[in-house]
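**Student:** This structure is in structure tokens; I'll ask about it shortly.
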Amino acid sequence: MNSKLQPVALGVACGMLWALYVFFAGLFAMYGWGAAMVAALGSFYLGYGASILGAVIGAVWAFVDGFVGGFIIAWIYNRVAK
């Protein structure tokens, strides 16, 4: 059985999931929940912070980050599973 992963599809799925998480974490941090984690991620994602605009900026960064990670995982899996 030769099942392959679709790199773009996995990249989009991972990107969307990570972007949603980062977005809501940014919103929750406005009320003090998870502020330390948002501050830590803000050191990687320029512009990310505990505000609505910061959450949107972080979600964009997170989508790109998650997409690249998911794409690489699928690409490696397809190479190893041959």
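The values are calculated or read from the model by the stated rules, or taken from the named source; none is laboratory data. Worth saying up front: this structure is predicted, and the values here are computed from it rather than measured. Counting neighbours? That spans all protein chains shown, and the Cβs are built from the backbone with ideal geometry, glycine included. We work out accessible area using only protein heavy atoms, side chains counted, and drop any ligands, DNA or RNA first. Shrake-Rupley method; radii C 1.70, N 1.55, O 1.52, S 1.80 Å.
**Student:** How large is the Rg to Rh ratio of the chain when both quantities use alpha carbon positions and Rh follows Kirkwood?
**Tutor:** With Rg and the Kirkwood Rh in hand, the quotient comes to 1.14.
**Student:** Assuming R0 = 35 Å, can you tell me the calculated FRET efficiency for the pair Arg79 and Leu17, based on Cβ-Cβ distance, to the nearest 0.05?
**Tutor:** Efficiency, rounded to the nearest 0.05: 0.90.
**Student:** Ignoring ligands, DNA and RNA, please state the percent of accessible area on the chain from carbon and sulfur, probe 1.4 Å.
**Tutor:** 78 percent
**Student:** Given 0.36 nm per residue, what is the gain on full extension from Val68 to Trp33 after removing their alpha carbon distance, in nm?
**Tutor:** Going from the current span to full extension adds 9.8 nm.
**Student:** Along the Cα-to-Cβ line of Lys4, 7 Å from the Cα, sits a label point; which residues in segment 58-82 have backbone N less than 17 Å from it?
**Tutor:** Only 71-82 fall inside the zone, counting backbone N under 17 Å.
**Student:** If you roll a 1.4 Å probe over the heavy atoms of the protein chains, what accessible area per residue do you get for the chain, in Å²?
**Tutor:** Computed with neighbouring chains in place, this is 66 Å² per residue.
**Student:** Oh, and also: Report the net charge of residues surrounding Leu5, where surrounding means a beta-carbon distance below 13 angstrom and charges are Lys +1, Arg +1, Asp -1, Glu -1.
**Tutor:** +3
**Student:** Moving to a separate point now. How do the peptides 52-59, 28-35 rank, highest first, by the average count of neighbouring beta carbon atoms within 10 Å per residue?
**Tutor:** Going from most to least packed, we get 52-59, 28-35.
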